[in-house]
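What follows draws every value from the coordinates through simple rules; no lab data is involved. Here the structure is a predicted model, which means the values were calculated and not measured. Cβ: placed from backbone, ideal geometry, glycine included. Neighbour counts: every protein chain shown.
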Amino acid sequence: MIPRFVKQYEISPTEQSIINDLVDITPKPPVPNSSIPYHEMADRQFKPYLPKVDSELDPEELNKYVKELVSFRYHKSTDATIEKILTQIVEHNAEDLNKESYVGIISHFYFLLQRPIASKILETMVEKTSIDRVVDFDNAELAFANGPTHYQVRSRKLQRLKDHDIPANTSTWYHLFRAFKSAPPKIKMLELMDDFQIPHEPIIQSAAHTLSKEYTPEQFYEYLAAKGKVDPHLDPYFTNRLLHCYLHYGRVEDGWNFIKETYEKNNTSINRGAASAFMKHFFGLNQPYFAIAISDLFYKKFNIGCKEIMNMIMLNDYLPRCQFFDNWYRLTRLSVFELSNRDSKSFIHKGTLNKLKDYAGVYGRFEMGRFGDEFRSTI
């Protein structure tokens, strides 16, 4: 069980209604799993190129191709191409697609807020195949979408499931958890998932992200321990979330001791994300030289170089609100020098230079000077 949080958070009537409807359609434990593995469209990894395809595909190859198209995120410019490919496949090969392919295609279009296309594909599936319209297709509509979250749509969908006696499965819970925008309903859902014996594992990183902003470090550690994320050691993601929790409460020394102890247990648990958390904390408190010092300290203690990250945080987050121009100019020169003399240029781009020029203009310095020319020559 996760610890019931000490603060009292108000859940809006709409959010509470959605949770109540979900509870009403959820069977007693054990809640059934979906036959389709839970997959959130928002979590898709990026691929630079669309998959290659032969002119002729048998059904197995076709379903594999569809899975490749809908399981990854591609460049925005390919959206129209992917839409054309998927709709043509459904139009000409509807009988060859399996349930997983249809769920993936429909989820893809719901995520992109293309509801009419998703609805038409679902109608085609019902008309031309013997695949049952089970709750997995409704889960696609309940899931987080790439745009504003409309609770009314999800409330109507849950009411339809309730009216037709369609039971929820574990993926219904996972998708709705991700769809909620604020912490209170998410925390309530995590508590209810424990009551219904629904594992947190498929959404554990998202849950940790939410709880690390709401729990004390001790509560958050207890949650991670209860979910088996502490032994044999924390991985870098949970290490960084716990560090964020310490820093949120202003417990910098405790956070530093936690990082040192974690490193001694398993040095692979510490990465540049931990350094970034410290630096953002210090920059947020208008303490840039502490941020610079922590960058040096991470290299000395853990052999983790993070100058590029420190300078990009400084250039993009801190310098726009730096109070004194003399400090601004000095820090800008330092950041540009550091970035210009790095082997990796992945942190250097024209947008950064344009920002620097804009900031300089605000302070009456319209000529970036020699260091600006040097920086420009690196990109």
(message) Using a Cα-Cα cut-off of under 21 Å, which lysines could be cross-linked to K301, ignoring same-chain neighbours fewer than 8 residues away?
(response) K260, K265, K280
(request) Report the local net charge at A118: Lys and Arg +1, Asp and Glu -1, summed over other residues whose C-beta lies under 14 Å from its C-beta. (result) -1
(message) Using alpha carbons only, how many angstrom separate the centre of the range 162-182 from the centre of the range 97-133?
(response) 18
(request) Show which lysines lie in cross-link reach of K99 when reach means a straight Cα distance below 18 angstrom and same-chain residues fewer than eight apart are skipped. (result) K64, K67, K120, K128
(request) Might you report the magnitude of the Cβ-based charge dipole of the chain about its Cα centre, with Lys and Arg at +1 and Asp and Glu at -1, to the nearest 20 debye? (result) 1600
(request) Measure nothing fancy, just the Cα-based angle from helix 252-265's long axis to the longest principal axis of the chain, in degrees from 0 to 90, nearest 10. (result) 70
(request) Work out how much length I82 to Q16 would gain on full extension: take 0.36 nm times their residue separation and subtract the Cα-Cα distance, in nm to one decimal. (result) 20.1 nm
(request) Putting +1 on Lys and Arg Cβ atoms and -1 on Asp and Glu Cβ atoms, find which of H164, N311, H92 reaches farthest to the positive end of the dipole of the chain. (result) N311
(message) Using Stokes-Einstein with the Kirkwood hydrodynamic radius over Cα pairs, what translational diffusion coefficient do you get for the chain at 4 °C and a viscosity of 1.567 mPa s, in µm²/s rounded to a whole number?
(response) 54
(request) Work out how much length H209 to S182 would gain on full extension: take 0.36 nm times their residue separation and subtract the Cα-Cα distance, in nm to one decimal. (result) 8.5 nm
(request) With springs only between Cα atoms under 10 Å apart, run a GNM on the chain and tell me which of T81, T262, T172 wobbles the most. (result) T81
(message) Connecting C-alpha atoms closer than 10 Å in a GNM of the chain, tell me which of G284, G255, G273 has the biggest fluctuation.
(response) G284
(request) Compute the distance in nm between two label points, each set 7 Å from the Cα along the Cα-to-Cβ direction, one at K64 and one at Q114. (result) 2.5
(request) Pick out which of L319, L57, L86 has the largest mean-square fluctuation in a Gaussian network model of the chain, springs linking Cα atoms closer than 10 Å. (result) L57
(request) Subtract the Cα-Cα distance of R251 and K28 from 0.36 nm times their separation in residues, and report this length gain in nm to one decimal. (result) 76.1 nm
(request) Treating cross-link reach as a plain straight distance, find the lysines whose alpha-carbon is under 25 Å from the alpha-carbon of K188, omitting any fewer than eight places away in the same chain. (result) K7, K28, K157, K162, K213, K227, K229
(request) With everything on Cα atoms, drop me the angle between helix 59-70 and the longest principal axis of the chain, reported from 0 to 90° to the nearest 10. (result) 40
(message) Within the range 133-154, list the residues whose amide N lies under 16 Å from a label point set 7 Å along Cα→Cβ of Y237.
(response) none
(request) Tell me what the chain gives for mean residue ellipticity at 222 nm when only DSSP H runs of n ≥ 4 count, each as -39,500 (n - 2.57), the sum divided by the residue total, rounded to 500 deg cm²/dmol. (result) -18500 deg cm²/dmol
(message) With unit charges on the beta carbons (Lys and Arg positive, Asp and Glu negative) and the dipole taken about the Cα centre of the chain, which residue among F258, G284, S55 sits farthest to the positive side?
(response) G284
(request) Could you grab the relative contact order for the chain? Cα pairs under 8 Å, six or more apart, rounded to a whole percent. (result) 14
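Please work out the FRET efficiency for the pair K301 and E127, using the Cβ-Cβ distance as r and a Förster radius of 56 Å; give the result to the nearest 0.05.
The formula returns an efficiency of 0.30 here.
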(request) Give me the angle, in degrees from 0 to 90, between the Cα long axis of helix 13-24 and the longest principal axis of the Cα atoms of the chain, rounded to the nearest 10. (result) 50
